[in-house]
Amino acid sequence: MKAIFDDRQLGHAPEIYFRRGKAMPHQEQPLRAVLIRDMLLENGFAVDAPRDFGLEPIQAVHDPDYVTFFRDAHARFRANADDDALAIPTMHPGVRRGKCPTDIHGAMGWWMTDTSTPLTENTWDAIYWSAQTAIEAAERVIEGAPMVYGLSRPPGHHAMKAGANGFCFFNNACIAAQHLTHKWKKVALLDVDVHTGNGSLDILYERGDIFFCSIHPDPASFPTFFLGHADETGAGAGKGTSLNLLLEQGQGEPEVMARLDQAIAAITDFGAEALVVSLGFDMAADDPLAAVKVYPQGFAEMGRKISAMGLPTVLVQEGGYLGPSLAENARSFLTACRDTVA
């Protein structure tokens, strides 16, 4: 099984963000990807660089103005900022009416919905190549590979059609799913990150060709909040094609696997011809942001269940932060997939 990664994804290195009323070290660090990349190489995975597919596949999912905003946003911020200023938005429009301001501080608040997506000098390159990584993985599957892993970093599943959120800028999984529709009429996106795929839900909610399913704790009491409730099942052409399967905080592998079985059954009932997985290792019991308790053997079981579906599959990396078991969880899941597919 091939893996895709580009070193330019390491350039985004935010220092802090604001959480629960205070500034704290940013959880989404380049070392996450380094640890997983090194694990891949140590375990015999071939790691290839992505080709450049340009902006068109990204803009097929996101508002084009949103996409191009990030190209020079950091430079615009720095042009008039104090030396110690951080490119974190502090003004937001509230109810989403109005127009994007020309002032950089207003524009940041317009396009960035929280404080978790600070801009750094190399953010554009990192998010661009993170998306290209997912597109390359999807293209390899279109070309006939049964399963390809895209080590996309920064992650993407909280990014909305026109809003950065929850460490995410471009929704890599949705971009990959959209790319797969060039070959298959019915695609499923399965989100097994501990946080709801709220950005994916926002993007796919009215689409009938991409079935979206997310497994996560109740967003009424667990971040990212707002979206991902059980009664959000799609609208318009997408009515019935969104499924949120809720967990209780503190639950363990039996409950997670039961929800995964429900997800697989729903994807099968939808008639999916290909699959994208938003793959988060933050369900780990020792993850800094975890709310449930999955261990390496549990991630291996998840990998076997997903692989056994037999669908052409793109795995896109989402969460999984700097807990002690990150690399081991990735190894368990990905080697189980490789063994099952083989």
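The values are calculated or read from the model by the stated rules, or taken from the named source; none is laboratory data. Everything numeric in this text was worked out from a predicted model, so none of it was measured. Reconstructed Cβ throughout: ideal geometry from the backbone, glycine too, with neighbour counts over all protein chains shown.
Yes/no per residue for (1) surrounded by fewer than 16 Cβ atoms within 10 Å (Cβ to Cβ); (2) not in a loop (DSSP other than H, G, I, E, B):
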residue: Pro254; (1), (2): yes, yes
residue: Ala258; (1), (2): yes, yes
residue: Gln262; (1), (2): yes, yes
residue: Ala265; (1), (2): yes, yes
residue: Ala272; (1), (2): no, no
residue: Val276; (1), (2): no, yes
residue: Asp286; (1), (2): yes, no
residue: Leu289; (1), (2): no, no
| message | Would you confirm whether or not region 274-285 contains a residue that is in contact with a His (Cβ under 9 Å, 6 or more places away or on another chain), modelled with pLDDT of 95 or more and over 22 Å from Ala159 (Cβ atoms)? | response | no
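Give the number of residues within region 223-260 that are in contact with a Gly (Cβ under 9 Å, 6 or more places away or on another chain) and touching a residue at least 40 places away in the same chain (Cβ under 8 Å).
Narrowing region 223-260 to residues in contact with a Gly (Cβ under 9 Å, 6 or more places away or on another chain): 223-224, 227-228, 233-234, 236-244, 246, 252-253, 256-257.
Next, only the ones that are touching a residue at least 40 places away in the same chain (Cβ under 8 Å) stay: 223-224, 242, 244, 252-253, 256-257.
Here the count works out to 8.
Results for (1) among the polar types (S, T, N, Q); (2) over 19 Å from Ala266 (Cα atoms), shown as yes or no for each residue.
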| residue | (1), (2) |
| --- | --- |
| Pro155 | no, yes |
| Ala164 | no, yes |
| Leu190 | no, no |
| Phe225 | no, yes |
| Thr233 | yes, no |
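Answer yes or no: is there a residue in region 119-128 that is within 23 Å of Pro312 (Cα to Cα), among the aliphatic types (A, V, I, L, M) and touching a Pro at 6+ places or on another chain (Cβ under 8 Å).
Residues of region 119-128 within 23 Å of Pro312 (Cα to Cα): none.
Within region 119-128, not a single residue is within 23 Å of Pro312 (Cα to Cα), among the aliphatic types (A, V, I, L, M) and touching a Pro at 6+ places or on another chain (Cβ under 8 Å).
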| Are there any pairs with C-beta distances below 7 angstrom linking a residue in region 16-28 that is on the phi > 0 side of the Ramachandran plot and surrounded by fewer than 15 Cβ atoms within 10 Å (Cβ to Cβ) to a residue that is at pLDDT 90 or above and assigned to a loop (DSSP other than H, G, I, E, B), with the two at least 6 apart or on different chains, and if so which? | none
| task | Looking only at region 306-327, count how many residues are more than 20 Å from the chain's Cα centre (by Cα) and not hydrophobic (A, V, I, L, M, F, W, C). | result | 2
| remark: Within region 29-56, the count of residues that are surrounded by 20 or more Cβ atoms within 10 Å (Cβ to Cβ) and either part of a helix (DSSP H, G or I) or of a type in the set (D, E, K, R) (or both) comes to 5
| query | Of the residues Phe222, Phe170, Phe211, which single one is among the hydrophobic types (A, V, I, L, M, F, W, C), outside any helix (DSSP H, G or I) and within 14 Å of Pro50 (Cβ to Cβ)? | reply | Phe170
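Tell me the residue from Gly234, Gly298 that is surrounded by 14 or more Cβ atoms within 10 Å (Cβ to Cβ) and in a helix (DSSP H, G or I), please. Lay out the reasoning, then the answer.
Numbers: Gly234 fails: in a helix (DSSP H, G or I).
The match here is Gly298.
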| query | In region 63-83, which residues are over 21 Å from the mean Cα position of the chain (by Cα) and not in a helix (DSSP H, G or I)? | reply | Asn80, Ala81, Asp82, Asp83
| note | When every residue in region 192-208 that is touching a residue at least 40 places away in the same chain (Cβ under 8 Å) and assigned to a loop (DSSP other than H, G, I, E, B) is compared, the one farthest from Ala284 (Cα to Cα) is Gly197
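Taking Leu245, is it touching a Cys at 6+ places or on another chain (Cβ under 8 Å) and aliphatic (A, V, I, L, M)?
Yes, satisfied.
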| Whichever residue in region 149-163 is of a type in the set (A, V, I, L, M, F, W, C) and within 21 Å of Arg207 (Cα to Cα) and, among such residues, is nearest to the chain's Cα centre (by Cα) | Ala159
| message | Just to be sure I understand the filter: pairs with C-beta atoms under 6 Å, separated by 6 or more residues or on different chains, first member in region 94-112 and assigned to a loop (DSSP other than H, G, I, E, B), second member at pLDDT below 70. Which pairs pass? | response | none
